[in-house]
Amino acid sequence: AALLAGAPAFAHAPLPARHLFSDPAEVEALRRNLLSWYDRCKRDLPWRALAATEPDADRRGYAVLVSEIMLQQTQVATVIDYYNRWMQKWPTLQALAQASLEEVNELWAGLGYYSRGKRLQEAARKVVSELAGRMPRTAEDLQKLLPGVGRYTAGAIASISYGQATGVVDGNVIRVLCRLRCIGADSSSLAVVDRLWDMANVLVDRSRPGDFNQALMELGATVCVPKGPLCGECPIKQHCQARCRKLFGNPPPVPDVEDCGVGDCPLCPPATEPWDSSLGVTNFPRKAAKKPPRAMRTATCVLERRGCQGTPEYLIVQRPSSGLLAGLWEFPSLPLAQDLQEKEREVLADHLQAWMGRPVAAKGLRFIGEVIHIFSHIHQTYVVYSLPLDGDVTLDPALSPYRWVTEDEFRASAVSTAMKKVWGAPE
Ligand code: SF4
């Protein structure tokens, strides 16, 4: 009842009704409408089938864990193939716990945000070695005990695999809830996110929590999409305050019922950026402006030699086991200071010379081109050179592990998408 009344986050300021789900009959109707739409329209996804039919609770939890970690930051269409290959290779927590990190990285290659694969494996090892192979069964325990499992993933596993009546909030749910309740304050702020978690916990269906959570996310992914939402087809349009506002304009200012007062409501858009009627429901959600990605330049060199049968081979080195692209393989690379542009070739030659312990002339480095790759927070430019070598080079293995690979081996190795782009750099 306290949640329905909207007490915890803003106890000092009673919230206007338009931002709340304070009518139990409306909550019931919304659940019913959303679930019957989901039963008719849901996408057929491999992890859903497994979560619905697998009798072994630990396998169910494992399948949802794998799918949820893969789905973080990645589209469903991309994940399906990776998920199927993963589950074929490691169908149980025990199988994954025995895999090497190299194998995990190889299968993960191309999916991005590589630390996810590593954390998934760490979680499997922990369940096997410290929890007797038994997945934690509640959202609270999942979040507390498993590395890489945050509040959202814990709620998803607990509700979908174990039927715990707990809500979830991801990007899709944020969008749907902000529209349903005209929430226009910065949706990435802690106060608003807390409010949305309260709301998700109020709304979640008590008898089908996993389906309800998936339905809310599915609605955000397929109907209540960021641009051009299909409000006419929406199964919960009659509960949507944003649509109501779009169709009927601002409700009359009846104090304490609909109106939020002037500029001091913690959930309304800021007074400086009021409702824009040309945007309709897409007035919601709103985010504070993002910081632009950091620009970085990295010199990278494709070292080539003739292998024993005359086949070209290329040198790749392994990145450190933590940080960006941890443990993946790449061509020897050197981050560059921004003001170095004129001397990049010399700096790279010096670096290679020190590393290989033999002279490398800057003019021997052939400039191939520049390759741009955007990581979530970094705008990375790779300045690509090549250098043919006569004979072998012996590197100090204490510096970083390295190996020579053929083109086919390169493609099968745990290399990042960025390095695959470098491989294709224009001649
Ligand atoms: Fe989203 Fe439109 Fe449905 Fe509202 S009516 S929840 S804006 S799709």
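The values are calculated or read from the model by the stated rules, or taken from the named source; none is laboratory data. Note that the coordinates shown come from a computational prediction; the quantities given were computed from them, not determined experimentally. Neighbour counts run over all protein chains shown; Cβ positions are idealised from the backbone, glycine included.
Points to keep in mind about this one:
- A single member of ARG175, ARG137, ARG181 is within 18 Å of GLU28 (Cα to Cα), in contact with a helix residue (DSSP H, G or I) (Cβ under 6 Å, 6 or more places away or on another chain) and not aliphatic (A, V, I, L, M), and it is ARG181.
- For the range 222-246, the set of residues classified as in contact (Cβ under 8 Å) with a residue 60 or more places away in the chain and either in contact with a Leu (Cβ under 7 Å, 6 or more places away or on another chain) or within 8 Å of the ligand (Cβ to nearest atom) (or both) consists of PRO235, ILE236, HIS239, CYS240, GLN241, ALA242, ARG243, listed by residue number.
- Of all residue pairs spaced 6 or more apart or on separate chains, those with beta-carbon atoms under 6 Å, a first member in the range 392-421 that is within 24 Å of GLY310 (Cβ to Cβ) and a second member that is hydroxyl-bearing (Ser, Thr, Tyr) and assigned to a loop (DSSP other than H, G, I, E, B) are THR406/THR311.
- Search result, residues across the range 35-53 that are surrounded by 17 or more Cβ atoms within 10 Å (Cβ to Cβ) and free of Cβ contacts under 8 Å to residues at least 40 places away in the same chain: LEU45, TRP47, LEU50
- Every residue from the range 300-321 that is farther than 20 Å from ASP396 by Cβ, surrounded by fewer than 17 Cβ atoms within 10 Å (Cβ to Cβ) and in contact (Cβ under 8 Å) with a residue 12 or more places away in the chain: GLU304, GLY307, THR311, PRO312
- Residue check for ASP211: modelled with pLDDT of 95 or more, surrounded by 13 or more Cβ atoms within 10 Å (Cβ to Cβ) and assigned to a loop (DSSP other than H, G, I, E, B): no
- Residue in the range 145-160 that is without any contact (Cβ under 8 Å) to a residue 12 or more places away in the chain and at positive phi present: no
- Pair list, Cβ < 9 Å and 6+ apart or interchain, from the range 352-375 residues that are within 15 Å of LEU315 (Cα to Cα) to residues that are surrounded by fewer than 17 Cβ atoms within 10 Å (Cβ to Cβ) and of a type in the set (Asp, Glu): TRP355/ASP396
- Of ALA295, ALA289, ALA349, ALA362, all but one fail to be modelled with pLDDT of 85 or more, under 28 Å from ARG116 (Cβ atoms) and of a type in the set (Gly, Ala, Ser); the exception is ALA295.
- Hits in the range 174-221 (condition: within 14 Å of the ligand (Cβ to nearest atom) and touching a Ser or Thr at 6+ places or on another chain (Cβ under 7 Å)): ILE174, CYS178
- Of the criteria (1) under 21 Å from LEU325 (Cα atoms); (2) in contact with a helix residue (DSSP H, G or I) (Cβ under 9 Å, 6 or more places away or on another chain); (3) charged (D, E, K, R), which one ARG151 fails: (1)
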